[in-house]
Structure formats: structure tokens, C-alpha cells
Number of protein chains: 2
Amino acid sequence: MTALRLHHFPICPYSRKLRLVFAEKRLDVTLVPHEPWRRDDDLMALSAWGEVPVLEVEGHALGESLAVAEFLEERFTEVKLGGKDIWERAEIRRLALHFDTKFAREVTDLLWRQKLIYRLKRSGTVNTAALRAGQENIRAHLDYVGWLASERNWLAGDHLSLADLTAAAHLSVLDYLGDVPWETNADAKEWYARIKSRPSFRGLLGDKIPQQAPADHYADIDF
Amino acid sequence: MTALRLHHFPICPYSRKLRLVFAEKRLDVTLVPHEPWRRDDDLMALSAWGEVPVLEVEGHALGESLAVAEFLEERFTEVKLGGKDIWERAEIRRLALHFDTKFAREVTDLLWRQKLIYRLKRSGTVNTAALRAGQENIRAHLDYVGWLASERNWLAGDHLSLADLTAAAHLSVLDYLGDVPWETNADAKEWYARIKSRPSFRGLLGDKIPQQAPADHYADIDF
């Protein structure tokens, strides 16, 4: 069995995506926690920009969570999360990238990155205009998630895929911060409740960091 | 031969990445131009968020440029841009994602998106603090490009890959706007000169939009 070591920050959407991939694929992985607001020489030795997540595997240090997920999909093929033909793969990748780029730019970066990363890194500085924009933008994005979930069984089609895990990872860190207005879209909420009750999600629901307590409902399966 | 139609905006890094992929793979593609600041019902019919690039192929509309690039890599295998083994693929994807996420967040979004997309969409509104931050951030990123180019033959290793095309696509729209301080890193400049002189780049160098003239040196191979 290949030894896998994942360097991660518990309340990070990109790290969480990979923890969900490991759990869904039933792979053993050693988790090494880091705090992104601290200078971290161990991490700088593994990654040019000193950022999590990084996967250590067979003497390589692999970065960028979607690249790592693709690596795991190619290497560990028993449980498939990336689609079974070229069209499914295109749709799963489209949605995974949608959440990691457009959703990240319009929501995650304006809320999570401001509230958690920048605040702790820059001693308290938060851009309140960014927070307001993020709180506004998340509604259209939640409607999109709800629309996909109501048209399909899972976000990219019939099966749970990397698209669901990527979306859930982003929403889970926003939910930790109490920033998801679930009441605005019942379909999105039902989809998230299904993901949240999977065994792969348990580790995430137990996360807690001393700098920021989770929102009250964060670990509840019925929220 | 499969008919391929790419909906694109000429001065868009994600659209340009795909035009470079098509040209390097020597695939015929019909280009359909759009203006991202205009409401566009044709595009809304192909893409939930109405954004370019979108590839029409065999009755499917594929979105998110990296997902489209992966599709093209799987489908058209004669010229390889994605690596020949699992480790090369991981490194190429890592860098492609690095430019489409971190570089985009810290540079492209602060310069290109502000100056071109937001200015034209929101009638003149530009965030000058964002511009200053982008102009500052691009220096470290250019040093990273220069470091990769000096350590390796191309950014991800021995061969030209999607990593080079992604980086060059971002830098090319910034260069159109005159926002790349090439004089700060000779290795980055030498790498870009090599890419810029490839036949695949010719189409990009001929682009011009009426709303914004290109910088003086934009189309020069010797810059």
C-alpha cells in the first residue's frame, strides 16, 4: 500500500475536497495539519508558494487540489469519482472548476478568505464591502446548486462525483462560518443534507479551530 | 472530422488558452466571437452563466477552459500537451491550475478583469486599489515563471505543455494592456519570447478590440 500524507488546513475548501475524495475512495491517508496564517518552513520545502493542500506520495509533493484529485482518480480506480466516459468527465470537471474558480471568486474568497485567512494573517483587517458582495452573490450560486440537484440525482448526473465533493467542500467552510442562507433554496439544502450525512463527511463535522468557533448548526445532520 | 465551434472573447485568457491548444494540436475550429460585457442570449442558451469559452462539439456544449482542454487531450491524442505519465500530468495540471486560480486571483482578476471586463460592464468603474495590488503582485509571479523557465526547458518540464499555454494566455492579455513588467525578469521574458514566436500564437497577436487598443509592443516578437 502506497503511503499517502496530506498536508492540510482543516477549514480549507481545497483541503476538504481531498479529504472527501480519500474517504469516498476508502484510502488511508495521514493528515498533517497546518495554519495558513503562520510562516511554515516545512510547507515551504514542499510547495513553492507554501500553500495547502499538498500530497506527499512516493517521494513527490503534489499541489493544487484538483490536480491531486485527478492523480488519485487515475491511480486508485476502484471507486470512481471522475466519470466513466469522456462526456461525464467533461461535465464533472466543468462543475469542479466552476466551484474552484467562479464560485471561489464570487463567494468563497469574499467570505472565507476575508473572514478566516486575511483576518488572521493581517491581524484583523477585513474588507466589509467584500463581505457584503459575498453574502449577496451566494444566493444566485445556491440557486444554481439547487437547480442542478433538482434536475439530476447528483450535481453532475446520476452518481456522486468530484463535482459534489468540490461544491460541498466550499459550502462546508462557509457553513462553519454561518454564511450559507440555506432557507433560500430547499433543493440545495436537501442535496447538502444528503452529502452531510455520508460517512465521508464525519471528519469534517468534527473540525474545530481555536481562532473561530463553528456556527451552532454546523455539525447537525438536521439543520 | 468532428466539427468544433469555440465561442470566445478574443482578449480572454481562458479563451486564448483553448485557441493555443487548438493551434498546437493542429485542429480546425470555427471561432465565434462574443463580448462579455453585453447580454448575449445565444451564449446563455449554451452556458448557465453565459460565459466564454464554450466549445460546441457533437451536440454538447462544454464549458470551463481546463475541462475543455482535458477533453481535447483525451480526444485528440496525436500532439500531447498534458504529459505522458501520471507524474508529468500531475505537474502540468498543478501549474495550469496555479495560473487559473492563484495567478488569476492575485493578478489577472485585479488587472484584466478590472480594466477590461468590469470597466466595460459597469460603465467605467475601476477599483484603483485592486490595480495597484495587481501591479505589485505580478512581480513575484513573473519571478516564479522565470524560475521555472530557468530550471527546466518549459514550465512543467522538457516539453511544451498546457502549463505553458495557460501561463502565456494570462500573460498575453496582460501584455495587451501593457501590464507586464518584462524588464524585471529576463528568464520569464526569454520564455515568453519563445512562446510568442510560435505559429500557434499568431492569431492572438493579430487580435484588436475597438474598446481598447493594444500596448505598442504587443505584437512584436522582439519586445
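Pick from B:L171, B:L165: which is within 28 Å of B:P210 (Cα to Cα), without any contact (Cβ under 8 Å) to a residue 40 or more places away in the chain and buried (at least 20 other Cβ atoms within 10 Å of the Cβ)? If you could, list the steps in order and put the result at the bottom.
Details: B:L165 fails: without any contact (Cβ under 8 Å) to a residue 40 or more places away in the chain.
The conditions single out B:L171.
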Scan the range B:1-28 residue by residue and report those that are open to solvent by less than 30 Å² (accessible area, probe 1.4 Å) and among the aromatic types (F, W, Y). B:F9, B:F22
Given the structure, is A:L142 more than 14 Å from the chain's Cα centre (by Cα), in a helix (DSSP H, G or I) and closer than 22 Å to A:L66 by Cα? yes
Take the residues of the range A:129-166 that are small (G, A, S) and in contact with a Leu (Cβ under 6 Å, 6 or more places away or on another chain): which is modelled with the lowest pLDDT? A:A130
Output the number of the condition that A:V107 fails; it satisfies all remaining conditions of (1) at the interface with chain B (Cβ under 10 Å from one of its Cβ atoms); (2) at negative phi. (1)
Tell me which of these A:D85 doesn't satisfy, since it passes every other one: (1) in contact (Cβ under 8 Å) with a residue 24 or more places away in the chain; (2) more than 23 Å from A:T101 (Cα to Cα). (1)
Return a yes/no flag: does the range A:127-135 have any residue that is more than 22 Å from B:L97 (Cβ to Cβ), open to solvent by 40 Å² or more (accessible area, probe 1.4 Å) and part of a loop (DSSP other than H, G, I, E, B). yes
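Does the range B:51-61 hold any residues that are open to solvent by less than 20 Å² (accessible area, probe 1.4 Å) and touching a helix residue (DSSP H, G or I) at 6+ places or on another chain (Cβ under 7 Å), and which are they?
Answer for the range B:51-61, where residues must be open to solvent by less than 20 Å² (accessible area, probe 1.4 Å) and touching a helix residue (DSSP H, G or I) at 6+ places or on another chain (Cβ under 7 Å): B:P53, B:V54, B:L55.
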Tell me whether the range A:98-114 contains one or more residues that are at pLDDT 95 or above, in a helix (DSSP H, G or I) and within 20 Å of B:G83 (Cβ to Cβ). no
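Report yes if some residue within the range A:115-123 is more than 20 Å from A:N185 (Cα to Cα), part of a loop (DSSP other than H, G, I, E, B) and either away from chain B (no Cβ under 14 Å) or in contact (Cβ under 8 Å) with a residue 12 or more places away in the chain (or both); otherwise report no. Write out each step before concluding.
At the first step, the residues of the range A:115-123 found to be more than 20 Å from A:N185 (Cα to Cα) are A:115-123.
Among the residues that remain, those that are also part of a loop (DSSP other than H, G, I, E, B) are: A:122-123.
Now narrow it down to the ones that are either away from chain B (no Cβ under 14 Å) or in contact (Cβ under 8 Å) with a residue 12 or more places away in the chain (or both): A:123.
Yes: the range A:115-123 contains one or more residues that are more than 20 Å from A:N185 (Cα to Cα), part of a loop (DSSP other than H, G, I, E, B) and either away from chain B (no Cβ under 14 Å) or in contact (Cβ under 8 Å) with a residue 12 or more places away in the chain (or both).
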If you go through the range B:62-98, how many residues are within 9 Å of chain A (Cβ to nearest Cβ), open to solvent by 30 Å² or more (accessible area, probe 1.4 Å) and acidic (D, E)? 3
Which residue is most open to solvent (accessible area, probe 1.4 Å), if the candidates are limited to the range B:199-223 and must be of a type outside the set (V, I, T) and farther than 30 Å from B:W37 by Cβ? B:D222
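The values are calculated or read from the model by the stated rules, or taken from the named source; none is laboratory data. For clarity, every value in this text was computed on a predicted model and none was experimentally measured. Here the Cβ is made from the backbone with ideal geometry for all residues, glycine too, and neighbour counts use every protein chain on show. We work out accessible area using only protein heavy atoms, side chains counted, and drop any ligands, DNA or RNA first. Shrake-Rupley method; radii C 1.70, N 1.55, O 1.52, S 1.80 Å.
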